[in-house]
Structures are given as structure tokens and as C-alpha cells.
Amino acid sequence: MEDNTHWTPSPDDNKLALTDKNLINEYEAKGIATAELFVFSLDSETELSTQLILEIHSLAFSELYDWAGCWRTNTVMVGQLIPPEPSKILQLMYQFIDDLNFKIHNAITEDEHTSCLTFAHYEFVRIHPFNNGNGRTGRILMNLVALKFGYKPLELYHREGDSRKNYIAAMKQADNGNFEALTNLIKKELTTF
């Protein structure tokens, strides 16, 4: 893939020594489903924390990877974006969680909810706190926030068509400080229960 949005060091090294990409994808999908079910079972008043994010990531990826539920310790590149150095991750994650909880507690209107969801997803992916699985964990986190606001889980893109390209383009625009496309993708997905 030309934009390297899926690249992190040694993504295929796994505890089960699997080499079949389809089988790896199946295990990862099962882990993501487990993490999503966990999030759906949480009380809506559950306060977001770094520990909760570590737990979500671990549930999603620990069956396959040693790095599951552990902060990133190496430098990575995501497309044209170089996320913060590993030594800054813990501080950035604590600040992110403080900011996100503040935004959640103060968001009242649909526009404020959308802004909060945009912040939750983009800022998490920008920090890129894990070796791999940041986009998927970021979407789970965004959906946890959506559930807190009374919305159904969002699906930012679908595998078929131009949906993924539109999502990547929106994320690249956000990298340049323009959040309009990402906010519109999120707003289009908002549906209350």
C-alpha cells in the first residue's frame, strides 16, 4: 500500500507462529469482537482511563501478540505522519484522557458530540500509543464515547468501494489541521438508539 497507513514494525510476528494472512485476520477479527463486546458491556458512567484503553487493546490483540496492552516502545511512521516519540506516550495519553473526559462531560449538543467523537478518534490515532492496532482501538474508543452519548456504534469506513480511501483522505486532512472531512464522516454515521 502506497500510503503506509497499515505499516508498523513486524506486524506479522505472533505468538502462534501463524503465517497465513487470512488466519491472522480471523484471529484479529475475533479479538476485536471480544474487545467490542467488552466495551458494549460497560456501564455508560464508566470513566475513561489509560488502564481501560490498555485493557481494550489487550483484549483485542493478546491472543496473537506480545505487544498487546503495552505502550509502544519504538518509533513508527503512519503515512506521512510521524507519531510522537515513545518516551512521550504516557504523558500524552494521560493528557488525552483528561481532555477527552472533560469534553465528554461538557458536550450537550449533537455538534459538540460530533466534535468530541472526532477528537477521540483522531487524537488517539495521532498519538499512536501502540505498536499496531491503533486505528481499530481508536474506533472502539470512539464507539465507547458514542455509546456514552446514546448513539449506536459508528463504522467510519467499509472495506468495499471508496469508503476506506475517503477515510484515509479525511485523516490526512486532519493531520494538516482540517477536521471537516473527518467530522462529516462521523456526523453521517450518527444514529441514536
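Laboratory data are not the source of any read-out in this text; all were calculated from the coordinates shown. What you are looking at is a predicted structure, and each value in this text was computed from that prediction instead of being measured. We place every Cβ from the backbone using ideal geometry, glycine too, and count neighbours over all the protein chains shown.
Annotations
- Isotropic mean projected area of the C-alpha convex hull, the chain (nm²): 10.5 nm²
- Phi-derived couplings, Karplus 6.51 cos²θ - 1.76 cosθ + 1.60 at θ = phi - 60°, listed residue by residue for region 16-29: 9, 6, 6, 10, 6, 4, 5, 5, 4, 4, 4, 4, 5, 4 Hz, with x used for Gly and Pro.
- A simple charge model with +1 on the Cβ of Lys and Arg, -1 on the Cβ of Asp and Glu and nothing else charged puts the dipole of the chain at about 180 debye relative to its Cα centre.
- Helix 163-175 axis, angle to the chain major axis (alpha carbon atoms, nearest 10°): 70 degrees
- With a simple spin-label model that places each label point 7 Å from the Cα along the Cα-to-Cβ direction, the separation between K165 and K30 comes to 3.5 nm.
- Helical contribution to [θ] at 222 nm, DSSP H n ≥ 4, -39,500 (n - 2.57), averaged over the chain, rounded to 500: -18000 deg cm²/dmol
- Residue of S49, S58, S41 that the Gaussian network model of the chain assigns the largest fluctuation, springs spanning Cα pairs under 10 Å: S41
- Potential lengthening of the chain between E63 and F102 amounts to 10.7 nm, from the contour at 0.36 nm per residue minus the alpha-carbon distance.
- Reachable aspartates and glutamates from K30, criterion Cα separation under 14 angstrom, eight or more residues apart if same chain: E63
- Between 0 and 90°, nearest 10: helix 50-61 axis offset from the chain longest Cα axis: 50 degrees
- Percent RCO, i.e. relative contact order, over region 21-189, from Cα pairs under 8 Å lying at least 6 residues apart: 20 percent
- Projecting the Cα atoms of L190, N14, A169 onto the charge dipole of the chain, computed from C-beta unit charges around the Cα centre, puts A169 farthest toward the positive end.
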